[in-house]
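All remarks here apply to the structure that follows.
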Amino acid sequence: MEAYQHFAIYAIVTPLFVAVLIPIIALWKKNWAMPLAGLALSLSFVLSVLLVPKVRAAGYLSYHLGSWEPPFGIEIRIDFLGVLMMVLISSICLIVAIYSLRYLAPVRPKEGKTFFFFGEEMEAGKRPIYYSLYLVLAASMLGFVATGDIFNMFVFFELMAICSYALVAIPGTGLPIRAAIKYMLMAVPAAIVVLLGIGLLYSVTGSLNMLDIAGRIADSAYGQVIVVSYVILIVGFAVKAAVFPLHVWLPDAHSKAPSPISALLSGLIVKMGIFGMIRVTYSVYGAYFASDLAWIVNALSWVAAAAIIYGAIMAIRQSDLKIMIAYSTVMNIGYIMLGFGLADVTALVGGAYHIVGHALAKACFFLCAGSIISRSGYLKIDDLKGAARKMPLTCAAFALASLSIVGIPPTAGFVGKWYLVWGSFSTGNFLLGAVVIAGSIMAAVYCFRVVYYMFFLPPADGAWQQVAGEAPASMLAPTWLLAAGALALGIFSSWIVPFLREAAESLMLLN
Amino acid sequence: MNAEIGCMRPLMAILLPGVSLLAILLLPGKHQTLKRAVHIAGSLGAFGVVLSMLPGILDGNVYGMELIPIVELISIHLTVDALGFYFGLVLTFLWVLATVYSSGYIKHKDERFYGFMALCNSFLLGCAFSQNIFTYFVFYELMTLASFPLIIHEETDAARRAGIKYLKYAIPAGAVILFAILLHFFRGGGDLSLVSMGTLSLDAASRTLLTVVFLAYFGGFGVKAAIVPLEGWVPDAHPAAPAPASALLSGVILKAGAFGIIRVVVNVFGLDLFKELNLWIPMIVLASITIILGSVRALAQDNLKRRLAYSSVGQVSYILLGIALMSPLGVLGGIMHLAHHALMKGCLFFCSGIILKKTGKKNVSEMAGVGYSLPITMICFSICALAMMGTPLTVGFISKWLLGSGAVQADKPALIIVLLISALLSAFYYLPIIYTAFFRRPQEDSESQTFQFKGETSPAMLWPAVVLAVLVIVVGVWVTVPAFPHSLASMVVRVLFT
């Protein structure tokens, strides 16, 4: 066994291990939490990047935990889409962790200067817990995309969910706790439903390894069980993905959580639901995908169209910045779902590109919102008038990211939408293509309204006067990195799309 | 068509204004003069680089380079052919004058204005040098967004409303163009390039589909080109914007829409298919209605810039009318009018800005005696106003003459009536301005019956207007000098009709 084969498991286990270490070390050194978390995530990132060429050459990477052969042991099975997701997850987690440092613990200026801070400063004792949970969350997402065992996938899924409830509620005040409970009320039944689906599959196949299940259900006809278990799994993942109409937990959880956590929720965690759908559809149900289950997938594309329109209308109606951004996520999940629901290689490329592009742009949105909230305390869009006079760089990053959310070329958002339209046209769904374009116009309405307020309107009387100024560099740099990433992904899409096309083709070819 | 010669110059021309933008951003706030100088130098540099391609273009060369594939099969690709060069030359030239002018005009938040002006310059040049309609769309959309801050620069409520209205028109229009491109690409054969004379054909797609594609392109670009049901933003945006921005709006930004339609007709559909599908009928009808209606509505305006804006609505449709005639002289006239109108209207807006700055007067009815306090400005204004009416020895006459001959050549002599009515109406709304300025006594003081040059104290604003007014006559008299519109437009027409 060569060294690189261990990379995957190290990428997952390192953050888990450090997550345990952090609270212990914090007994003596409270300030070590963030550097340790950053180190662990950097290692995961480097290992994930190193895996890309290996996986690309071999097609997939299989690793048997404890050397137990599958289907008895747990298999880590990373295909091309999986490894790209690992790179995305580890990079965004790292960037947001850096942002968290000054968001949770702002530096107070020296004596004599007035300083106003309105944000969610976290007491020093809580910070190690935050980073610890954060690392478990990162590890569970990495494990979720890497595993080849469906029960193991469920375990990571639950782990991810539990960490996210805790992180949403971590400010410890009324509203975040209520949002977290609402989130739990939706997500716990969803997890049970996923478990039910896995149980159904296990009851007829006697296996938990995805590849093994796929082989067994392809051989013989199980009829209704296949359809029922598939629907159950899809619904379970759809709650996590906040697919309309199962999105009701999302606006509250996203807007009440600390902003770095909102960025992770919107940028990565909801995408895990979609990834789960894609994974079970192609890796488990591949044989039935084009026949018995085609109508379900097809129906999902119309659900996606409804999500796009609904999310956009709700986003336009909001007066609170973070809730607006959250509804924008509902809308963009619709785009990604559309790429999945059209069941076409090109559309899947579009969906996958949108996963990446939206992750960058939306995380940037939430980080900008976080910077604005922590410097000024303003939550309402109306209060953002004239924000660019005090915080020009943050507002500029927001403007750049909104180009990507709207889908103005040459940004990542445009590329994703282009492939989605291409996919819908080539499968003959002109109406869905039109929805994609119409969604862009509506996105322009809610994004550019905020940009317009920031840059072109004078502040209301007295507002923004006591605001100290721009966010610190350690918050600005992650924000700008994400915004620039969304732009760069649009400009250099021709380098990345072949990878994604390869990934999509290898998924579709499994059946 | 000759093969494309690989060349960095198109890219350089596009990047040069960006360099001045960087300088504006990075130089510390106290270097105001230096910033102005860099801003002017950037636009001058772009103009110089474009001009350096002139000999090659006149020899029939095509310069270009592929930048980067943005999605599969489509790349951002720059090409300078005769038509693109022509538009690029016009816009960079007007931009140089507008940057000089704005250094005298803009006193408030000038860095923001200069920055977005430089951005718009780059993006518009990108439009002019697009090798495919997709590249055109990318730059066109970016230009739309970058021109918004220019319109609302004064930050009054009226300016903000006008700016929002502009976006309300322009963003859906962008989506419609995107829809057309998508249909064109995925259902119309997949060739988006603008280098041959027609890439679509009836072999690849049905008549209905091609008609829908054309109407979507026409409607989408028609918003910028101010075709009549879609012109609503024009009369609001022009008076609200500062004078240099209005001059650029009328002079070249509206033309970007018209230029898009020219590209679609000439390079995407080709004149044969355009004729075969009878697409010229809606275009001629709408262009004629716009010409008449624009002039009629201009009559009723008292606000000078609003009157000029309605005049632009009508004048831009001259270009479309010329193209839709599909006769050599008509197309020649239409393409030449693009530059001619930029010269005339640029000067008129520059003059209106000087009047506003020096006397504070916005409305025509208040302008009694302005000709005496601002004689040079008003003489320039009068030259261009007369040119707009089609007075011989000016560029306006050349356009009208060619369009009229084109109408006869295309066997549609009835359209001459449209041109004549428009000329008559423009006499009705331009002559009163000249009359009021020179021949009506201001009520409050009677001493100003002699020319007073002491009002004309701002050379940065005056010279651009004078240069344009002189050019209106020079280009109108020495029509066929190389680099003047005729030489380039006739190259395009030669390729089209051989």
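Data table
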| item | result |
| --- | --- |
| Filter pass, B:Ala46 being without any contact (Cβ under 8 Å) to a residue 60 or more places away in the chain, among the hydrophobic types (A, V, I, L, M, F, W, C) and assigned to a helix (DSSP H, G or I) | no |
| Verdict on B:Val296 being among the β-branched types (Val, Ile, Thr) and open to solvent by less than 10 Å² (accessible area, probe 1.4 Å) | no |
| Flag if B:Met283 is open to solvent by 10 Å² or more (accessible area, probe 1.4 Å) and out of contact with any strand residue (DSSP E or B) (no Cβ under 8 Å at 6 or more places or on another chain) | no |
| Flag for B:Ile5 being in contact with a Ser or Thr (Cβ under 8 Å, 6 or more places away or on another chain) and β-branched (Val, Ile, Thr) | no |
| Of all residues in the stretch A:465-500 being within 14 Å of chain B (Cβ to nearest Cβ) and hydroxyl-bearing (Ser, Thr, Tyr), the one that is least open to solvent (accessible area, probe 1.4 Å) | A:Ser493 |
| Qualifying residues in the stretch A:440-455 (those that are surrounded by 19 or more Cβ atoms within 10 Å (Cβ to Cβ) and at the interface with chain B (Cβ under 8 Å from one of its Cβ atoms)) - the one farthest from the chain's Cα centre (by Cα) | A:Phe455 |
| Subset tally (residues that are closer than 20 Å to B:Leu97 by Cβ and open to solvent by 30 Å² or more (accessible area, probe 1.4 Å)) for the stretch B:484-498 | 1 |
| Residues that are assigned to a helix (DSSP H, G or I), touching a residue at least 24 places away in the same chain (Cβ under 8 Å) and open to solvent by 20 Å² or more (accessible area, probe 1.4 Å), drawn from the stretch B:468-483 | B:Leu471, B:Ile473, B:Val477 |
| Selection within the stretch B:377-406 - of a type in the set (Val, Ile, Thr) and either outside any helix (DSSP H, G or I) or modelled with pLDDT under 90 (or both) | B:Thr391, B:Thr394 |
| Selected residue (only one of A:Ile373, A:Ile296 is open to solvent by less than 30 Å² (accessible area, probe 1.4 Å), more than 19 Å from A:Leu482 (Cα to Cα), over 20 Å from the mean Cα position of the chain (by Cα) and at pLDDT below 90) | A:Ile296 |
| Sole exception among (1) farther than 30 Å from B:Arg263 by Cα; (2) surrounded by fewer than 21 Cβ atoms within 10 Å (Cβ to Cβ); (3) not small (Gly, Ala, Ser) for B:Ile24, by number | (2) |
| Any hit, the stretch B:75-82, residues being more than 25 Å from A:Phe492 (Cβ to Cβ), in a helix (DSSP H, G or I) and touching a Ser or Thr at 6+ places or on another chain (Cβ under 8 Å) | no |
| Conditions (1) open to solvent by 10 Å² or more (accessible area, probe 1.4 Å); (2) touching a residue at least 60 places away in the same chain (Cβ under 8 Å): number failed by B:Phe134 | (1) |
| B:Lys168, sole failed condition from (1) assigned to a helix (DSSP H, G or I); (2) away from chain A (no Cβ under 11 Å); (3) surrounded by fewer than 22 Cβ atoms within 10 Å (Cβ to Cβ) | (2) |
| Criterion: in contact with a strand residue (DSSP E or B) (Cβ under 7 Å, 6 or more places away or on another chain) and either part of a helix (DSSP H, G or I) or within 12 Å of chain B (Cβ to nearest Cβ) (or both) - qualifying residue of A:Pro458, A:Pro410 | A:Pro410 |
| Some residue of the stretch A:366-389 being in contact (Cβ under 8 Å) with a residue 60 or more places away in the chain and closer than 30 Å to A:Arg501 by Cα | yes |
| Options B:Ile70, B:Ile76: the member that is buried (at least 19 other Cβ atoms within 10 Å of the Cβ), within 14 Å of another protein chain (Cβ to nearest Cβ), out of contact with any Leu (no Cβ under 8 Å at 6 or more places or on another chain) and of a type in the set (A, V, I, L, M, F, W, C) | B:Ile70 |
| Single residue of the stretch B:83-113 satisfying the filter (within 14 Å of chain A (Cβ to nearest Cβ) and assigned to a helix (DSSP H, G or I)) that is farthest from B:Gly190 (Cα to Cα) | B:Glu111 |
| A:Ile437 open to solvent by 50 Å² or more (accessible area, probe 1.4 Å), assigned to a helix (DSSP H, G or I) and among the β-branched types (Val, Ile, Thr) | no |
| Residues of the stretch B:182-192 satisfying the condition of being open to solvent by 20 Å² or more (accessible area, probe 1.4 Å) and more than 8 Å from chain A (Cβ to nearest Cβ) | B:Gly189, B:Gly190, B:Asp191 |
| Tally of residues being open to solvent by 10 Å² or more (accessible area, probe 1.4 Å), under 20 Å from B:Arg9 (Cα atoms), in contact (Cβ under 8 Å) with a residue 60 or more places away in the chain and not polar (S, T, N, Q) across the stretch B:110-131 | 1 |
| Sole exception among (1) within 11 Å of chain A (Cβ to nearest Cβ); (2) in contact (Cβ under 8 Å) with a residue 40 or more places away in the chain; (3) within 25 Å of A:Gly433 (Cβ to Cβ); (4) surrounded by fewer than 24 Cβ atoms within 10 Å (Cβ to Cβ) for B:Ala159, by number | (3) |
| Unmet requirement for B:His153, which otherwise passes all of (1) surrounded by fewer than 21 Cβ atoms within 10 Å (Cβ to Cβ); (2) within 12 Å of chain A (Cβ to nearest Cβ); (3) at pLDDT 90 or above | (1) |
| Members of the stretch A:151-192 that are open to solvent by 70 Å² or more (accessible area, probe 1.4 Å), of a type outside the set (A, V, I, L, M) and not in a loop (DSSP other than H, G, I, E, B) | A:Phe151, A:Arg178, A:Lys182 |
| Lone qualifier among A:Leu400, A:Leu431 - being more than 11 Å from chain B (Cβ to nearest Cβ), open to solvent by 10 Å² or more (accessible area, probe 1.4 Å), hydrophobic (A, V, I, L, M, F, W, C) and within 18 Å of A:His358 (Cα to Cα) | A:Leu400 |
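Conditions (1) buried (at least 22 other Cβ atoms within 10 Å of the Cβ); (2) among the basic types (Lys, Arg), marked per residue:
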residue: A:Val194; (1), (2): yes, no
residue: A:Gly199; (1), (2): no, no
residue: A:Arg216; (1), (2): no, yes
residue: A:Val225; (1), (2): no, no
residue: A:Ile232; (1), (2): no, no
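One line per residue, one yes/no per condition, for (1) surrounded by 24 or more Cβ atoms within 10 Å (Cβ to Cβ); (2) within 26 Å of the chain's Cα centre (by Cα):
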{"position": "B:Leu348", "(1), (2)": "yes, yes"}
{"position": "B:Cys351", "(1), (2)": "yes, yes"}
{"position": "B:Thr359", "(1), (2)": "no, no"}
{"position": "B:Tyr372", "(1), (2)": "no, no"}
{"position": "B:Met389", "(1), (2)": "no, yes"}
{"position": "B:Val395", "(1), (2)": "yes, yes"}
{"position": "B:Leu403", "(1), (2)": "yes, yes"}
{"position": "B:Lys412", "(1), (2)": "no, no"}
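The values are calculated or read from the model by the stated rules, or taken from the named source; none is laboratory data. Worth saying up front: this structure is predicted, and the values here are computed from it rather than measured. Don't worry about glycine lacking a Cβ; one is built from the backbone with ideal geometry, like all the others, and counts go over all protein chains shown. What goes into the accessible areas is simple: the full protein's heavy atoms, side chains included, and nothing from ligands, DNA or RNA. Shrake-Rupley method; radii C 1.70, N 1.55, O 1.52, S 1.80 Å.
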